[in-house]
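The values are calculated or read from the model by the stated rules, or taken from the named source; none is laboratory data. Values in this document were obtained by computation on a predicted structure and should not be read as measured data. Every residue, glycine as well, gets a Cβ built from its backbone with ideal geometry; the counts of neighbours run over all protein chains shown.
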Amino acid sequence: MNKALDVRGLTTRFETRSGMVTAVNGVSFSVERGRIMGLVGESGSGKSVTGFSILGLIDEPGKVVAGEVLVDGQDLRALSPDAVRRLRGARVAMVFQDPMMTLNPVLRIGDQMAMAVRVHEKMSKRTAWEKARQTLEIVGIPSPAERLKAYPHQLSGGMRQRVAIAIALLHRPSVIIADEPTTALDVSIQGQILAEVRRLADETGTAIVWVTHDLAVISSLADDICVMYAGRIVERGPAEDVIGAPRHPYTVGLIGSVPSLHEPGTPLPQIPGSTPQLSNLPTGCPFRPRCPRATDICASEPPIVGEGDHTVSCHHPMEAP
Amino acid sequence: MKEPLLTVESIHKRFTRKPGLVMRGIDRLSGRSSGTTVHALSDVTLSVAAGEVLGLVGESGCGKSTLGRIISGIYTPSDGRVLLDGAPVARARGNNIEKLTTRVQMIHQDPFASLNPRMKVGETIAEGPRVHKLASAGDVRKRVRDLLQQVGLEGAYADRLPHQFSGGQRQRIAIARALAMEPDLLVLDEAVASLDVSIQAQVLNLFMELRRKLDLTAVFISHDLSVVRHVCDRVAIMYLGRIVELASARELYEKPQHPYTKALFASVPTLGTGRAAFQPIKGEIPSPLNPPKGCAFHPRCPMAGPRCRVDLPALKPVAGTATTVACHLNDGGTGIEKGSHAA
């Protein structure tokens with residue numbers, strides 16, 4: 001098998017004042033080498049927590065309580081925290097939303113990149129700097145040798161995010177988890193980064209999980225899409241199928257509410273209600289209270305239906321095209 | 001054409017940072033000046049007719065929010081003037097200025113920051129009308145209930161605090177607060193940017209419905225091209241403190257004129273086009289502290305010629321359209337010698 005990442009039954013819970021909350025509920029998906037998987041959802045859907053859980057970055061009061069995270073066939077959850085730390089950054093890496101938070105403001109770019117190199121590989125500082133320089137070149141940073149001597153505040157937001165991506169790429173990891181990495185950037189800079197990321201996946205064979213709320217971005221970038229709602233994956237499939245012929249009523253509503261698909265000035269189809277409180281979910285399908293197709297049967301656990309790669313977790317999915 | 005409700009005449013806005021104590025001492029000794037000035041807006045002129053919704057679009061640092069704040073009377077312009085129904089706002093004194101500024105109401109991006117967390121939402125909505133004596137105490141309470149219903153919330157919510165509401169509901173409350181002043185003009189600064197897609201659709205629908213019912217005039221500031229297309233009649237595209245293109249929404253989206261507008265459209269992913277080959281704009285947005293000479297877009301522009309590096313292009317009408325654009329291509333060419341350019 002060519003699976004770089006295989007997540008099975010991942011479940012993460014948080015202890016809160018209003019009781020136990022299941023933020024990620026039995027999430028399973030896999031990503032092959034060189035492919036980009038889009039994890040889409042609104043706030044509170046558990047998409048970011050899924051990314052953090054894969055890397056074992058969940059702190060108290062949260063806990064990954066079940067599931068397997070196989071990277072190149074090796075289960076990270078079965079390893080000791082020390083062993084996971086050795087793999088993190090080398091085989092699995094993460095890119096966060098805000099590069100100003102991830103870069104150390106008082107270290108030169110080159111120093112922090114060399115540090116990240118030498119944590120995982122024995123080599124001289126000079127070789128590490130050279131490796132850092134090459135990686136900056138890969139992500140399309142002009143005059144990389146000079147940028148290595150710069151401090152983060154001397155770079156623009158787009159450049160900083162390229163540096164963060166370069167750091168994730170340093171050890172040619174099998175998997176990169178990217179959590180809303182272009183959300184804070186301007187559209188013209190976002191376009192540059194998206195083009196670069198697509199090229200990297202194609203050329204380096206790194207599998208990428210792209211966590212986002214932006215359907216337009218993910219439809220033009222990803223190979224496959226998983227739609228999350230209230231901690232579960234409700235629909236998955238090849239990007240063009242999920243966007244072009246969505247079958248879960250939530251996905252249908254989500255895509256329908258994007259203005260660019262409608263005649264200007266006309267009312268937009270809207271999903272009634274608001275995103276649910278995880279501490280107070282209905283039984284069965286969590287989308288039931290907002291769903292136009294819901295019936296009594298939806299109070300029971302929805303089945304997974306669909307042909308081939310495109311599946312939905314729903315009692316009343318839209319007709320397959 | 002209707003008389004414009006709002007006119008903005010050659011507005012400039014400069015922000016100056018005074019040097020610190022030590023640098024002031026050094027300046028005095030050396031006779032230099034180390035204060036820095038940002039030209040947030042340079043020579044911006046536009047008008048909005050009654051009943052019209054004008055979109056202001058651009059990337060960070062283009063001055064769209066600064067312009068919104070000048071129109072709302074939060075900032076005073078360094079140069080130029082704002083007129084409401086032909087009367088200059090800055091000239092007004094005493095009661096008049098109050099009357100004028102209350103005619104413009106603003107809705108901000110973050111409904112978590114713009115509502116006082118310790119004030120019941122009913123009080124928040126009633127505060128403006130009470131202070132400006134638009135209604136008696138008894139009337140205000142009824143008005144608050146009506147307003148809440150108008151924005152799709154229950155009248156009984158008036159006694160709740162902001163933390164009891166979701167982001168979308170809070171933005172509805174912010175809209176109710178603005179409408180309570182019965183403004184002639186609304187300024188919405190990224191009002192739906194922080195909302196989830198499904199909630200954003202609800203708030204956009206509310207805005208369009210209120211616009212029809214109340215015949216609202218609005219300035220709609222956003223970086224989201226698809227949202228702007230949906231709700232605006234006319235759109236101004238801004239780049240580094242200047243308007244580079246001003247057109248009806250239909251013309252702009254069908255036939256963008258300025259190379260920056262074209263590049264912006266090309267680099268924005270849209271839903272339903274499948275996996276796209278992005279054609280991103282090369283380079284970065286220059287710092288407004290030190291904008292490029294000539295046309296500010298020339299370092300990133302694929303069409304730039306020698307003239308673009310020297311001459312500042314003026315907004316000129318495009319033949320056969322209602323569009324105005326600030327580009328030498330529309331005004332005698334970029335000064336490229338014959339044969340040197342394939343296009």
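Here are some notes:
- As for region B:12-31, it holds at least one residue that is within 29 Å of B:Arg177 (Cβ to Cβ), at pLDDT below 95 and surrounded by fewer than 18 Cβ atoms within 10 Å (Cβ to Cβ).
- A:Gln277, sole failed condition from (1) exposed (fewer than 15 other Cβ atoms within 10 Å of the Cβ); (2) facing chain B (nearest Cβ under 9 Å); (3) closer than 26 Å to A:Phe29 by Cα; (4) not acidic (Asp, Glu): (2)
- Among the residues of region B:136-159, none qualifies, meaning not one is crowded, with 19+ Cβ neighbours inside 10 Å, touching a residue at least 40 places away in the same chain (Cβ under 8 Å) and facing another protein chain (nearest Cβ under 10 Å).
- Matching residues in region A:136-173 - criterion: being surrounded by fewer than 23 Cβ atoms within 10 Å (Cβ to Cβ) and of a type in the set (S, T, N, Q): A:Ser143, A:Gln154, A:Ser156
- Tally, over region A:178-205, of residues that are in contact with a Phe, Trp or Tyr (Cβ under 7 Å, 6 or more places away or on another chain) and within 17 Å of B:Thr270 (Cβ to Cβ): 3
- When A:Val65 is tested against the conditions (1) surrounded by fewer than 20 Cβ atoms within 10 Å (Cβ to Cβ); (2) of a type in the set (Val, Ile, Thr); (3) under 18 Å from the mean Cα position of the chain (by Cα), the lone failure is (3).
- Looking only at residues of region B:254-270 that are touching a residue at least 40 places away in the same chain (Cβ under 8 Å) and outside any helix (DSSP H, G or I), we find that the one that is surrounded by the most Cβ atoms within 10 Å (Cβ to Cβ) is B:His258.
- Count of residues meeting criterion [part of a strand (DSSP E or B) and not small (Gly, Ala, Ser)] in region A:282-321: 4
- For region B:193-230, a residue qualifies if it is part of a helix (DSSP H, G or I) and within 14 Å of the chain's Cα centre (by Cα), and the qualifying residues are B:Leu225, B:Val227, B:Val228.
- Checked against the criterion of being crowded, with 24+ Cβ neighbours inside 10 Å and within 7 Å of chain B (Cβ to nearest Cβ), the candidates A:Ser219, A:Ser188, A:Ser257 yield just one match: A:Ser219.
- Residue count for region B:49-68, restricted to those that are buried (at least 21 other Cβ atoms within 10 Å of the Cβ) and assigned to a strand (DSSP E or B): 5
- Residue satisfying all of: in region B:184-206; more than 9 Å from chain A (Cβ to nearest Cβ) and of a type in the set (Gly, Ala, Ser); nearest to B:Ala87 (Cα to Cα) among these: B:Ala191
- Residue in region B:69-82 that is modelled with pLDDT of 90 or more, more than 30 Å from B:Ile281 (Cα to Cα), within 14 Å of chain A (Cβ to nearest Cβ) and assigned to a loop (DSSP other than H, G, I, E, B) present: no
- Single unsatisfied condition, B:Arg307 versus (1) crowded, with 18+ Cβ neighbours inside 10 Å; (2) touching a strand residue (DSSP E or B) at 6+ places or on another chain (Cβ under 7 Å): (2)
- Candidate set from region A:88-108 (those that are of a type in the set (A, V, I, L, M) and under 27 Å from A:Glu15 (Cβ atoms)); member that is surrounded by the most Cβ atoms within 10 Å (Cβ to Cβ): A:Val92
- Residue, farthest from the other protein chains (Cβ to nearest Cβ), within region A:233-254, restricted to residues that are assigned to a strand (DSSP E or B) and not β-branched (Val, Ile, Thr): A:Arg236
- Just one residue in the set A:Ala23, A:Ala114 is surrounded by 21 or more Cβ atoms within 10 Å (Cβ to Cβ) and either part of a loop (DSSP other than H, G, I, E, B) or free of Cβ contacts under 8 Å to residues at least 40 places away in the same chain (or both); that residue is A:Ala114.
- Residues within region A:43-94 that are among the basic types (Lys, Arg) and under 30 Å from B:Val197 (Cα atoms), tallied: 2
- Scanning region B:13-34 for residues that are farther than 27 Å from B:Ser65 by Cβ and touching a residue at least 60 places away in the same chain (Cβ under 8 Å) gives no hits.
Residues checked against (1) modelled with pLDDT under 90; (2) within 12 Å of chain A (Cβ to nearest Cβ):
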{"site": "B:Asp233", "(1), (2)": "no, yes"}
{"site": "B:Leu252", "(1), (2)": "no, yes"}
{"site": "B:Thr270", "(1), (2)": "yes, yes"}
{"site": "B:Arg275", "(1), (2)": "yes, yes"}
{"site": "B:Gln279", "(1), (2)": "yes, yes"}
{"site": "B:Cys308", "(1), (2)": "no, no"}
